[in-house]
Amino acid sequence: MYSAKSDMAQPDSATSTIDDFFSHCTELVFIAGEGGRLLRMSRALTEEMSPELLDAGSKAEIGLLVHPEDRPAFDAAWGRLRAAAKPVDIVLRLKTADGSFKCFQCTARWVPEKEEVYGALRDAEERIKSEIQLKLLRALNDHLPVCLWAIDRKGVFVLHDGKGLESAGLKPGQFIGLNVFDLYPESGTAVLRKAIDGTMSYFVNEIDGVHWEAWYLPILNDRGEVTHVAGVTLDITPAKRTEQELRAKLDLIERQRQVIRSLSTPIIQVWDRVLTLPLVGMFDSARAADVMEGVLREVVRTQARYTILDLTGIEAMDTETANHLMKLTAAIKLLGAEGIITGIHPAIAQTIVGLGVDLSSIETRSTLRQGLEYCIRRMGRER
């Protein structure tokens, strides 16, 4: 007996399976016509890409998503599909749901019997970033005096490379398979053991005249466990030599400055227990400190009774200079000696009076000779 129910149209199982596939597939897959019009898209693709696809309806095509600057390359690659024996790959920027452009790898293949293009999109951002990092690492490895290496937790080398190996007399890959703890003494691997325990380490050392700057970096797995230690060792010998040369030059300059200071402020013992200090040029704070230190040291060493400060070589004076002189004579007096000022120019005398500096407590003479005569007379009376 004929059943009406059996006469009803049953859904095509193949069509149902394809619909389920596009609905639940987590990959960004599509079917397109020869001109790029999208015939079917996975739900994942429509959620990832710009709403412009949905807005375009039946006229939606993958080209709508392509960045304008990448469109010529995309059109050229799409045009090669019919003649290509293998899938065509192209990396391009596509507009995503948030309106920004992101790099994707588009892999597509022409299916002649269907007159359609089957394709898939994959996020290429991480891959591109990884490629850039690898190229950067290779550039550093090939052109800088650096050693790049890695060991596992047992200390076995799994990577040993870098231009810097030349400085150590080693070849790339020479230590691969060898154990670092067998190659170097325990005292030289203490810092490395800290890295194996999870602590990043840094140090600078010298081996056979070569200066190394090194970083030990723990590499962790998803559980936070150290699986390897990466090492970056930089040959800084040229920089160290430059630093040493610079330090030597600075030391030489400082010694020369000391000589110049001593020559510019000579402390002369002109008589028994009588010192004289001819001051020439500028007498600023820095020089005043040097002069005071030198004078007081000589007063103690020679047990001087008098110190003559001769200003013949100083043609200008301000309040600061006058105060330095006052402090110097006061310090000399504290050591049991007497400070005497000679050779004051008329212009300086006017300046001192105009500044209101009181030098009445200090013995002054017009010339160095008169100052020396004063000292000799005073010592004669003291005897």
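Derived value for segment 124-188: Kirkwood hydrodynamic radius 13.1 Å. Basis is the mean of 1/r over every pair of different alpha-carbon atoms. Most tightly packed first, judged by the mean number of other beta-carbon atoms within 10 Å of their residues, the peptides 205-214, 181-190 read 205-214, 181-190.
What does the helix-only formula give at 222 nm for the chain: each DSSP H stretch with n ≥ 4 adding -39500 (n - 2.57), the total divided by the residues, and the result rounded to the nearest 500 deg cm²/dmol? Can you show the working numbers first?
On the way: 13 runs with 153 residues, N = 383.
My calculation for the chain gives -12500 deg cm²/dmol from helical runs alone.
Taking the Cα centre of segment 191-336 as origin and assigning +1 to Lys and Arg Cβ atoms and -1 to Asp and Glu Cβ atoms, the resulting dipole is close to 580 debye. Using the average count of surrounding beta-carbon atoms within 10 Å as a protection proxy, the listed peptides 40-49, 350-359, 133-142 rank, highest first, as 40-49, 350-359, 133-142. Surface listing: W78, W215, W271 arranged by accessible area from highest to lowest gives W271, W215, W78, probe 1.4 Å. Only the Cβ atoms of Lys and Arg (+1) and of Asp and Glu (-1) were treated as charged; on that basis the dipole of the chain about its Cα centre amounts to roughly 1820 debye. Most simply put, the chain has about 80% antiparallel DSSP beta bridges, counting only bridges with both residues inside it. Estimate the FRET efficiency between M292 and R378 by the formula 1/(1 + (r/R0)^6), using the beta-carbon distance for r and 35 Å for R0, to the nearest 0.05. Working from the Cβ atoms, E equals 0.90. To put it simply, the accessible area of segment 266-383 at a 1.4 Å probe is 55 percent carbon and sulfur.
Of the GluC sites (Glu not before Pro) found in segment 69-130, those in coil by DSSP whose Cβ has at most 10 other Cβ atoms within 10 Å are E113, E115. When the charge dipole of the chain is built from unit charges on Cβ atoms (+1 for Lys and Arg, -1 for Asp and Glu) and taken about the Cα centre, the candidate among I196, H143, L250 whose Cα reaches farthest toward its positive end is L250.
Show me 320-329, 361-370 ranked by packing, highest mean number of other Cβ atoms within 10 Å first.
Working: 320-329: 18.3, 361-370: 14.8.
Going from most to least packed, we get 320-329, 361-370.
In this calculation the C-beta distance from V158 to I128 is compared with R0 = 25 Å, giving a FRET efficiency of 0.45.
By the Stokes-Einstein formula, at 1.306 mPa s and 10 °C, the chain with its Kirkwood radius over alpha-carbon pairs has D equal to 51 µm²/s. Rolling a 1.4 Å probe across the protein heavy atoms gives the chain an accessible surface of 62 Å² per residue.
The values are calculated or read from the model by the stated rules, or taken from the named source; none is laboratory data. Because the structure is a prediction, the values reported are computed rather than measured. Note: ideal-geometry Cβ built from the backbone for every residue, glycine included; neighbour counts use all protein chains shown. These accessible areas exclude ligands, DNA and RNA; they are computed on the full protein's heavy atoms, side chains included. Shrake-Rupley method; radii C 1.70, N 1.55, O 1.52, S 1.80 Å.
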